[in-house]
Amino acid sequence: MNATLIDTLRDASRDSFSTRAGVVLLAGLLAWLAVEVWRALLRLMGERRQRTVALEKLHWQLQEAKIRCREAEQVQAGWNGIRKFSVTKKIREGDDVNAFYLKPHDGRPLPAFKPGQYLTFQLDLPGRDKPLIRCYSLSDCNDGKKDFYRVTIKKEKAPPAKPDAPPGAGSSYFTDVVREGDILNVKAPNGHFFLDMAKSNPIVLLAGGVGITPMLCMARAIAESGSKREAYFFFGVRNRREHIHKEELEKLAAENDNIQLHVAYSKPGPDEVKGKDFQHEGRVSIELLKEVLPSNNFEYYLCGSGAFMKSLTDGLEAWGVPDKDVHFEAFGPATVKKKTAAPSPSETVHLAKINVTFARSNKTVRWEPSAENLLEFAAAQGVKIDSGCCAGSCGSCVVAIKSGAVDYLKKPDAEPEAGSCLTCVCRPKNDLVLDA
Ligand SMILES: Cc1cc2nc3c(=O)[nH]c(=O)nc-3n(C[C@H](O)[C@H](O)[C@H](O)COP(=O)(O)OP(=O)(O)OC[C@H]3O[C@@H](n4cnc5c(N)ncnc54)[C@H](O)[C@@H]3O)c2cc1C
């Protein structure tokens, strides 16, 4: 073989070697690329799946947050209109007094309320063409953690002056008809008589008879919040038969040094022992307060009969307690008038010229400038208008206005429909014709 042939063969074998190497290299490159693309695809699919899962999770978290938000709003703001409640327990507390434990029929959480507030019931009594509205103070506190509300209701007897009159319609219904398992129509807690739990100043709670309900709620709220706020709790009843929530009160005082309980029996029974069943013989009076309290420097909360509240508010005023420190709730027509700004002389002249017509009763009368509100004015004229809270909350005294306008003495909690007014908290602005 000559040299040229040998060179040609060597070149050829070098070429075929580099071609094969190139092919192998290319194949390797392609395989690596395929693996990378596959991995990238898998990664993308995984990421997409993760994104979908994350999105789904976010969606559900959002839904849950919305529900919680709605619940929290409900807990804050109560509910609108009527909510159904089941009576889960009815416990006899004394002569014709029962405690009712109420749970929401929808099973959803209950709003917190301010200790001292009340519930409004819409009662469908047999034989009545429209529901009877009645308010009852909450006798146990709830800061949103309990699943029940409690009210304590006393059957109202016929007034002594009219022994033949029927007993109270609403309270008799609760006492004689309502049973465990029954369902009631209830409006959300409301009212302006409450204990400000943000404050820590010492207080005096003054309760007469069933007027203990808002006070018990306030005392329980202090105890359950763990606050060391000083509270003197005076409770006046005739004797053991009226001493409602006795064990509960004694336990509350025994477990909380800051709550001092003073029970006064005005007519103790022969076996009722001073120092055991009650602490003071007689009524809760201003003299008793002076004897027990270290000074008059307290904020006072009162609830009881008209006579109870009148004597104590007068006594507190005479003792130099400023008006701003005396708060009270009237369960019936107020015998203690809240001091509203008296009309100015020019307003009085204008008010004295106003005619109020009760169209259904066919009566037109000149407005009396000293009258407290339209509800009381109507009653004084013998015109009956239904009423409940007498504080512009429950809506039972609503009356349609046929012509004219009214001025509100305080902003009602529940705004009445256009063309009507809540007679318990307003007076006429000019000549007025009411559908009453
Ligand atoms: C904010 C607030 C909170 C309250 N909290 C409580 C509470 O915690 N516990 C409680 O027990 N009460 C409470 N009350 C009182 C309650 O709302 C009712 O007013 C009470 O139960 C009486 O209502 P009734 O329907 O039974 O009586 P009504 O039917 O209104 O009768 C009232 C009175 O009139 C008499 N009467 C009826 N017909 C006649 C007639 N023809 N002639 C003469 N007299 C007649 C009845 O015998 C009765 O004595 C509260 C009231 C308010 C405003």
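Annotations
Listed here are the residues, each with its yes/no results for (1) of a type in the set (Asp, Glu); (2) touching a Pro at 6+ places or on another chain (Cβ under 6 Å); (3) assigned to a loop (DSSP other than H, G, I, E, B); (4) within 19 Å of Arg366 (Cβ to Cβ).
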site	(1), (2), (3), (4)
Phe377	no, no, no, yes
Gly382	no, no, yes, yes
Gly388	no, no, yes, no
Gly392	no, yes, yes, no
Ser396	no, no, yes, no
Ala400	no, no, no, no
Asp407	yes, no, no, yes
Lys410	no, no, yes, no
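- Candidate set from segment 149-187 (those that are surrounded by fewer than 19 Cβ atoms within 10 Å (Cβ to Cβ) and assigned to a strand (DSSP E or B)); member that is nearest to the ligand (Cβ to nearest atom): Asn185
- Sole exception among (1) outside any strand (DSSP E or B); (2) over 17 Å from the mean Cα position of the chain (by Cα); (3) closer than 14 Å to Pro115 by Cα; (4) within 16 Å of the ligand (Cβ to nearest atom) for Ala223, by number: (4)
- Only one of the numbered conditions (1) farther than 30 Å from Ile286 by Cβ; (2) among the aliphatic types (A, V, I, L, M); (3) within 10 Å of the ligand (Cβ to nearest atom) is not met by Ile212, and that is (1).
- Residue in segment 80-92 that is among the charged types (D, E, K, R) and at pLDDT below 85 present: no
- Subset of segment 132-148 (residues that are more than 6 Å from the ligand (Cβ to nearest atom) and either touching a strand residue (DSSP E or B) at 6+ places or on another chain (Cβ under 7 Å) or part of a strand (DSSP E or B) (or both)): Leu132, Ile133, Leu138, Ser139, Asp140, Asn142, Asp147, Phe148
Okay, residues lined up against (1) at negative phi; (2) outside the structural domain of Glu242 (by TED's automatic domain parsing); (3) of a type in the set (Gly, Ala, Ser); (4) in contact with a Phe, Trp or Tyr (Cβ under 8 Å, 6 or more places away or on another chain):
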residue: Tyr265; (1), (2), (3), (4): yes, no, no, yes
residue: Gly269; (1), (2), (3), (4): yes, no, yes, no
residue: Val273; (1), (2), (3), (4): yes, no, no, no
residue: Glu281; (1), (2), (3), (4): yes, no, no, yes
residue: Ile286; (1), (2), (3), (4): yes, no, no, yes
residue: Phe298; (1), (2), (3), (4): yes, no, no, yes
residue: Asp314; (1), (2), (3), (4): yes, no, no, no
residue: Trp319; (1), (2), (3), (4): yes, no, no, no
residue: Asp325; (1), (2), (3), (4): yes, no, no, yes
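- Residues located in segment 201-240, provided they are crowded, with 20+ Cβ neighbours inside 10 Å and touching a Cys at 6+ places or on another chain (Cβ under 8 Å): Leu206, Ala207, Gly208, Gly211, Ile212, Thr213, Pro214, Met215, Cys217, Met218, Arg220, Ala221
- Helices (runs of 4 or more DSSP H) fully within segment 267-374 counting 2 or more residues that are away from the ligand (no atom under 16 Å from the Cβ), more than 30 Å from the chain's Cα centre (by Cα) and buried (at least 18 other Cβ atoms within 10 Å of the Cβ): 286-292
- Scanning segment 385-423 for residues that are closer than 19 Å to Pro189 by Cα, within 13 Å of the ligand (Cβ to nearest atom) and more than 20 Å from the chain's Cα centre (by Cα) yields a total of 1.
The values are calculated or read from the model by the stated rules, or taken from the named source; none is laboratory data. Everything numeric in this text was worked out from a predicted model, so none of it was measured. As a convention, Cβ positions derive from the backbone with ideal geometry for all residues, glycine included, and neighbour counts pool all protein chains shown.
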